[in-house]
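Any read-out appearing in this document is the output of simple, stated calculations on the displayed coordinates, not a laboratory observation. As the structure is a prediction and not an experimental result, all values here were calculated from the model.
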Amino acid sequence: MSGRFVRGAEGGEGAGPDSTLSCALCQARMQDARVLPGCLHSYCKGCLETHAGGAPSFPCPAPSCSQLVSQTVDSLPANSYFSSIASLDLAESTDALTLVPSYRPAPSLLGRGASPSGPRLMAPPPYEAAGAPDWRGEAPWNPLNYGMGGGDTWKPIAWGGDAAVGGRVGGEAPSGGRGGVEASSAGRVGPLCGSCTDQHLVTSRCRDCSEDLCDSCVVAHQRVKLTREHTIVRYPDTPTQQHKAGAAAVFFNPHPAAGGKGPGPAANADVLRVFNETVEKAKVENQANIELARVGYAKCEQALVEKAKMEQRIMTKVKEVEMQLELSKQQQLVAVEERHRMLWQRLGKIREVKAAALVNQEKEVRKALHLLNEVVNTLEAASRSGEGMEIIDVNKKAAETILAVQHSCGNFKPHEDDEIVFRAAPQEQVAGLAAAGMVASGGFAPNSVAEGEGLVRGVLGKEAKFSVLVKDHLNEPNLAHRGEGPKLDFVSPDGRPISFQVAADPNQAGRFEVRWRPHQEGEHAISVTLRGVKLPDSPWKAVVRAGRDYHQVGAPQLEFGREGTAEGELCRPWGVCCTPTGLIAVADRSNNRVCMFKRDGSFHFKFGTEGSRPGQFSRPASVCVDGLGRLVVTDKDNHRMQVFTMDGEFLLKFGEKGSGNGQFLYPWDVACNSKNQILVSDTRNHRLQLFSPVGDFLCKYGFDGQLWKHFDSPRGVSFTQDNQAVVTDFNNHRLLVIKADFQGAQFLGSEGTKDGEFTRPNGVTVDDEGNIIVADSRNDRIQVFSSSGVFLRKFGTKGSGPGEFERPSGVCMTPDGLIAVVDFGNNRVQLF
């Protein structure tokens, strides 16, 4: 009974088509066969549960087997072979068959008929034990590793079935008891390709797609870019190769070859042929990997040579600068002795940092040398052994190691240069220079930084910008102008090259301005390197989306809020902003608080109470988020600004009532630029004031005069991507765009109700494309303008229904590109 499966008792000797494979313990059908680990014997689940009796471990039921199973029956793996054929009938003799439980037939072993008795399975070869030598006495074939490497899960197809509509080949008519493999009226045998409509026979299988293909589809599969690298396996004994009209079925010969004891060659020969082809392919890959490893080894050796040369050049340069310093010291005498010592220290620090960087590179290269040497030795040993599976496994590990070495070593060039500069003071100034001379080095990637909106987001077809500040080994802006600048690499979702420009900033040493223009939506990778070393945080992921068509703005997608003091209710709200995570902050003015809502409009939390102490408010008018992750609030009637964390915890305050610098008279709106500077509309002082991130006064713009006013009660403020300020001039019914240096402005609009005219404009915001969105308050509408001031769109009318407004006030853009509008008179927020 050990490991044997017999015909069902209902069939008996010589039973017909209803005979089935059955368990040796119960003689029932193998509906749920389970494989025992180790010995690989298989029994049905019910018999194993009875045999185990609920114990956590049990011996194999086979009398001749001593295997102990230490797991429950439910956790045992199913025998996919018996699971797939438990309902199929055997087509050959009714003798008991000794089957290896782990045996999985090749695709050519299965056949399916269309007779009333149901599908049929050609009998598999009578293997005696798993891993036994094959019929030619060669190395054992492991059926679990059938295909292109171990662990392959592609399933064999069953020739015939619905594709066969004609008579049988090598069998009786449909009314007969036994049958072979069906054939079509044209003499073709096997299933038809389901990937096309040409009615061709299946000949191959794509392992990556798990699809059966005909020869035409194989050619098409290998032409398409997405599938050309897939592995195509040709089925052995395909009908077009093995069958002719009227010929006997030779998918598999269940009987031994003449005079032999094992199965015929029809199955094993094809399996071994496929396996040997795989091994030959692996041998070719083995040689290629050896060459790659040798090339990498040579590059590593060359990198060490270049590194040693660079060390010598650096030391030579250091000695040159030392001599220059000594001469300078003699010229400047005692007056510059202290300065000289400081410069000497700077030089030493540069040398230490450069040396440390090269030492780190040497460690990486030597590590790569060791790994590649081991790869070469392992690959050569595997090649000499000739073991197919070993070669395959070694190749896979070798390829991974080579790739890791390439990533770790980069371009195999020294990560440093000999750039050390000394500039001596002019001779005529030696006597009066106490801080003469300068020692600096070239750019050092670990200290350099990149920043700007263009690193994280962009708009399709629009120019995006960011800057790179190259710093030296002393963490100072790079003053040495010779040498390499930053290298940039843009990877778009479709792999097409990205158009970009890099230009040195003439006003700041070491700063480079980068402009790029995306051509596709999706995530773009931006890598910035300096001398082959990536900057910290590189690569960046910039998400590009299509620009919004404001002509498609219609009914609001969401509205929330109503008049009241409870959670989620508002009373005379004005300002609004969105956090990077999508939370919507509303300045709930008459409730003296800031309310936070989730993106779906549900109430999240609130902070603030009425009062003048830190964290308290008196009619707060507006709120914004800066790049430091802080909420900045205009505490209007307390004539001050307050800064909070995203959780509403008080951080700092600045300002008081007055007209001097840093003082306010009813501050209204607030915005932050890319430098996290804070811009406030000082309404009753008829000006704007700009502050540092900690509240220090920087500058102002606007004044109140007898003949002409720059402003009359400015309200809404916002920034463009290049830090120009956009302001609504409330009582002058117009819009101003003020230059980043606060030295000039452009005007847009006049009083009226036509397109491009305003009546008491309030809030303003700028989207990613530079379009300007204005809350035209007393006209009860929103107007949209291009960055050049061209009118694009308006929406909204007076009322309280969806899409209608009662004096709209604050406006902002959500992270997903919607317009959030505070409907002041209706005590709500609408999203468009």
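Here is how the numbers come out for the structure above:
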item	result
Phi-based couplings in Hz for the stretch 574-583 (Karplus 6.51, -1.76, 1.60; Gly and Pro marked x)	10, x, 8, 8, 10, 7, x, 8, x, 5
Coordinate range along principal axes, alpha carbons of the stretch 635-730, Å, largest first	46, 31, 21
Hz values of 3J(HN,Hα) by residue in the stretch 495-508 - Karplus curve (6.51, -1.76, 1.60), Gly and Pro given as x	x, 6, x, 9, 7, 8, 10, 10, 9, 5, 7, x, 9, 8
Relative contact order (percent, whole number), the stretch 296-396, Cα cutoff 8 Å, 6+ residue spacing	40
Residues whose placed amide H lies under 5 Å from that of R457, excluding near-sequence neighbours	V543
For the stretch 471-613, radius of gyration divided by Kirkwood radius, i.e. Rg to Rh on alpha-carbons	1.16
nm² value of the averaged projected area, convex hull over the Cα atoms of the stretch 569-671	5.9
